[in-house]
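Report on the structure given below.
The values are calculated or read from the model by the stated rules, or taken from the named source; none is laboratory data. All values reported here derive from a predicted model rather than from experimental measurement. We place every Cβ from the backbone using ideal geometry, glycine too, and count neighbours over all the protein chains shown. Side chains included, ligands, DNA and RNA excluded: accessible areas come from the protein's heavy atoms. Shrake-Rupley method; radii C 1.70, N 1.55, O 1.52, S 1.80 Å.
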Amino acid sequence: MNCREHQEFFSDLYDGNLPADRGRELEAHLAGCADCRGEYEAFSASLKALQEAGERAVPEAFVRRVMDTARAESERQVLYQNTGMRRPSTRRFVVPRPRALWAIPALAASALVAFAVGYFIQKQAADRAIDDLKEQLAKSKPVDHGSTPAPEEGVVWEGNQRFTIADFVPRWLEKIGYAKFGDTWISKEMRDRLERGEAWIDGKWVLAKAEIERRVQEEMAKVTGVTDPKAARDRIIEELGLVKRGDGYMAKAMADALDRGLVISPTGEALALDDVVAEKLHELKLVRHEGRWMSEEQRTELLASRRIEKPGGVANTAVTRALDGLEIGPPLGYKNLTLYPLIAASEKSVAVTTFPEAFGNGKVDITDENSLQVRVKNKGDAALVLLAGEILVAGRPDRVVARDTLIPANKDRAVEVFDVEPNQPRGAEKVAFRPESGHYWASLGMRRLLNEEPGQAGVWAAINGPGGKISPFDLYKDHRTGLTEYHMALVDLRSAHALMVGVAVAVGDSLVSTEIFGSPTLLAAHWDRILDSASLEALLAGPGRENRGVSEFPSSVAAVKRMLETAFSAEQDGENDSIVLRRHGRPLGRAVTAAGEAVRLLLFPDPSGAPRPPLDLLVKEGKVKRAVDAYEARLAGATGNRRASILREMAMLPGDYPRQKVLDHAKSDQPRVPAIEALGLRGEPAVVEPLLLEWLKETRKETAVALYAALAQALARLGSEKAIVVLVQDLDPKTPLIARAAADHLPALLVGVRDRNTFEKSMDNLIQGLERFSAEPSDPQGLSWPVRTLRLITGKEYGKITDFQIWWNTPLERQNFLEQRKHP
């Protein structure tokens, strides 16, 4: 028996009604299982408090809160009805608080009110059946009930009449000919006869006591001598197959059936309650789906609510084909981790080899080229895929694959990696990668970070941050016991769905990722690593560690559907063998493709942006230098956006060496813009500001607007107050493009000025400078760029420069505005 089955006998144990052997078995389980022991202690305390408190009125507000919580959970809970699957905890992962003792009686009382119908039958099997009936009827709606309102949670409509579950169940049982009899239900006619003292004897109903006495008298009349009437009576009762029940008698077969939790039908049959329920549900034209009874219409609606369909007008790409037609299956959970299976509509196939399989079979050679790159040779006859987050174990240092990479058959390709051991020295120049390589993935939090393009500095910062300072591979060693528990509880999810191709992962109450493979075979090949990566994230979640998985998507089927459907409207950028999905310029997820089909699609909630790594990050100087040199090698063939991202990543590394390298590119590169943008993102005003200001003054040509704008943006990111004077001076009608670029970045600078005199003087000069552009044409919204600039700075909705001048030159208005800035 598992924990859930043991917990079903808590009530009998508390009441002392368990058989001796079952009682010893349950007590032995409680002695060895801390979770069940805690549950039983809470259960016992609740009942004891209820008994001591007597009858209490449940506050209306409390009932509302309970009902609101139940409604919020209903979608997830219904998926577990009669599936036999374990149900996860839905509590947030927080530091436990002591129980509020005053709430126990009210909670117990409300539980008795809410589940009163469950006490009609106390036997275990009958309890479960009647609970199932309540749930199914609450969720069911008639095929045609005209203008009847749609069903509500916990409410049943029959025709135009509305009933609560507690009212409907006994009403329905009575309606079809049943009546309450002790702890169970029997035919109403039979109940009436039993209450009148009748029993079924020799094929007819007769008064039991009278019939027994008649037969006793007959037997005694046939025997001469003294006869014991009691012995004769007992013998006749046994011969008639009767047993004593209360003040009357009933057939022993009937009594045995009732003791087993069966019900006695109007025709005298002993039936399981679920058979009676099934007959009623079939009568209501309901069908059984995934262990639940529902109308055909409801089944269709349920499937539609869980199916992902490509909207009309959306391009047919590898990503949209991977999503289209997926069905979200019933979830499986353990503790704070919930997994939602994603099931394909039909069999799929993508011919690629996984890295662990190829590496284990000797079909892969890995050469360590530098700290940010390895060269992988595929010696197999099928394409080889390496996935971002796969850990390459190499003694010192371990590496993690930075980007999804596809390597054609019998080819080699450079694979980008990150060093994930900032506090470990560099090993030998030629590193031999160990057999564990590829068998472990970084946690989901690290994999999400890789999706957001953090660079080597971002990865080091995450490892050195709160809860870090340990490599992703060593995390598995430290959490081996916990990972085994999660694995044992959740590993069977894949085998329950033959066409499962993906999984959505929720930690606590938040959905954190969805991962979809090109075929069930590919999912099966990666399943253990998917499960361990998600489990590691669940184990790491909690106080003292930033949970980057928390999102606007709660843990529910509807949220999984919404998250997957957002991918249809995402921007898709091609990048070698990958597709990057972006929203507002930020990466939402990535897909690696082979022969035009998605091998793996990994999606995350709307990104919050990778955290900015601190420039005082503690990393060995030699490691930083090697990382910079590796970035320099990567720049050799890079252009456009790729070159810009490499420079940004290099600029985030700590120390003087990376800054100087980026400065060198800013001086000499053509174009210089990416390096200048990287310097602005890096920060360090004291070092960088003087040089950027000098370049800004030298770049006041209409032919160099892009460079001027990049310099102005970098200075705005640095918060350079000295740049305000220069930019205001450049509001010159003779160079309108330069003036417009200056105005674009003045709001960001001025909003950050805290000194009142500096701000007031700058505003005077700005309004005077913009007044010279009063004749600028308006945009489609009716605003000129000078007016828009002042609106951004002041928050005022004036439509003309002259209006801003009048407002600013009104002493009281100016005074109020400056005071509000001082005390926002």
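Look at L647 and say whether it is within 33 Å of the chain's Cα centre (by Cα) and open to solvent by less than 50 Å² (accessible area, probe 1.4 Å).
No.
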Subject >> Hits in the stretch 523-539 - residues which are in contact (Cβ under 8 Å) with a residue 60 or more places away in the chain and either in contact with a Pro (Cβ under 7 Å, 6 or more places away or on another chain) or surrounded by 24 or more Cβ atoms within 10 Å (Cβ to Cβ) (or both) >> reply: S533, A534, S535, L536, E537, A538
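Conditions tested, residue by residue: (1) open to solvent by less than 20 Å² (accessible area, probe 1.4 Å); (2) touching a helix residue (DSSP H, G or I) at 6+ places or on another chain (Cβ under 6 Å); (3) modelled with pLDDT of 90 or more.
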site	(1), (2), (3)
A462	no, yes, no
P466	no, no, no
S471	yes, no, no
K477	no, no, no
L483	yes, yes, yes
D492	no, no, yes
S495	no, no, yes
A498	no, no, yes
Original post:
Picking from G333, G325, which residue would you name as being at pLDDT 90 or above and either open to solvent by 10 Å² or more (accessible area, probe 1.4 Å) or assigned to a loop (DSSP other than H, G, I, E, B) (or both)?
Top reply: G325
Subject >> Residue identified as more than 20 Å from G680 (Cβ to Cβ), open to solvent by 80 Å² or more (accessible area, probe 1.4 Å), part of a helix (DSSP H, G or I) and touching a helix residue (DSSP H, G or I) at 6+ places or on another chain (Cβ under 7 Å) among L766, L812, L737, L818 >> reply: L737
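Each row is one residue, and each column tells you yes or no for (1) out of contact with any Leu (no Cβ under 8 Å at 6 or more places or on another chain); (2) surrounded by 20 or more Cβ atoms within 10 Å (Cβ to Cβ).
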| residue | (1), (2) |
| --- | --- |
| T353 | no, yes |
| E357 | yes, no |
| K379 | yes, no |
| V417 | no, yes |
| V420 | yes, yes |
Subject >> L715 being of a type outside the set (G, A, S) and more than 41 Å from the chain's Cα centre (by Cα) >> reply: no
Original post:
If you go through the stretch 773-803, how many residues are of a type in the set (A, V, I, L, M, F, W, C), open to solvent by 90 Å² or more (accessible area, probe 1.4 Å) and not in a helix (DSSP H, G or I)?
Top reply: 1
**OP:** Pick out the one residue from R634, R582, R562 that is in a helix (DSSP H, G or I), open to solvent by 10 Å² or more (accessible area, probe 1.4 Å) and free of Cβ contacts under 8 Å to residues at least 24 places away in the same chain.
**Re:** R562
Original post:
Does any residue of the stretch 711-719 turn out to be out of contact with any Gly (no Cβ under 9 Å at 6 or more places or on another chain) and open to solvent by 10 Å² or more (accessible area, probe 1.4 Å)?
Top reply: no
Subject >> Number of the exception - A706 against (1) open to solvent by less than 40 Å² (accessible area, probe 1.4 Å); (2) under 27 Å from R659 (Cβ atoms) >> reply: (1)
**OP:** Give the residue that is nearest to L749 (Cα to Cα), with candidates limited to residues of the stretch 658-689 that are assigned to a helix (DSSP H, G or I) and without any contact (Cβ under 8 Å) to a residue 12 or more places away in the chain.
**Re:** A686
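Restricting attention to the stretch 690-703, report how many residues are part of a helix (DSSP H, G or I) and open to solvent by 30 Å² or more (accessible area, probe 1.4 Å).
Matching residues across the stretch 690-703 total 7.
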